[in-house]
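Beneath this line is the structure, given in structure tokens, with notes to follow.
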Amino acid sequence: MTGMTVNERPVAFRLDPRTPLLYALREAMNLTGTKACGGGPACSGACMVLVDGVALRSCAITLAEAEGRIITTIEGLSRDRSHPVQQAMVAQQAVQCGYCTPGIVMSAAALLQRNAAPTREDIEGAVPNLCRCGVYPRLVKAIEQAGRVMQRQERVSAAPAPGISPEDAAKAVPALRVTPGG
């Protein structure tokens, strides 16, 4: 078994340790906010998660490499969608189809955790995600705004995304196929 902490919860996977973290999260834990995006050089970054606070492509890290580490997915970033990056993305209308959005949010959150006042160059270097809808100008504005919110220079309040509430979604998720423990 491979053990780690996912979204502040210790888990142990009974999967081949060579399994990409992406598939363990999506298939074994039903954390489908982390998107499969092709892997390898074609990876758009939609599979981005935080591993010990660093944004990494979950398609490129195995369970063995994730052993003992702290993993945060989009679901664990903010259960009520109140994280400044999530709010700023909505406020700046930086979301189009939404497929790449979770990965972008995770990359931006990792950047802002290290540097709440990034330059445009910092943002471009730290958020390598590919958005086929082309929201880059609004994306940069959203990340800058989220940084100002994190520095308490500004407030942002955008409505949560439409759909199932996080509380209702948690009730609907089938039993996880993971074993608690470390």
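A short reminder: the numbers here are calculations on the coordinates, not readings from a lab. This is a predicted model, so every value here is computed, not measured. So basically every Cβ, Gly included, is an ideal-geometry build from the backbone, and we count neighbours across all protein chains shown.
Key figures for this structure:
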| item | result |
| --- | --- |
| Length-normalised contact order for region 1-145 - Cα pairs under 8 Å, 6+ apart - percent | 25 percent |
| Alpha-carbon centroids, region 100-129 and region 1-53: separation in whole Å | 20 Å |
| At 0.692 mPa s and 37 °C, Stokes diffusion of region 1-137 via Kirkwood alpha-carbon radius, µm² per second | 218 µm²/s |
| Loop GluC sites (Glu not before Pro), region 102-156 (other Cβ atoms within 10 Å of the site Cβ: 15 or fewer; DSSP) | E154 |
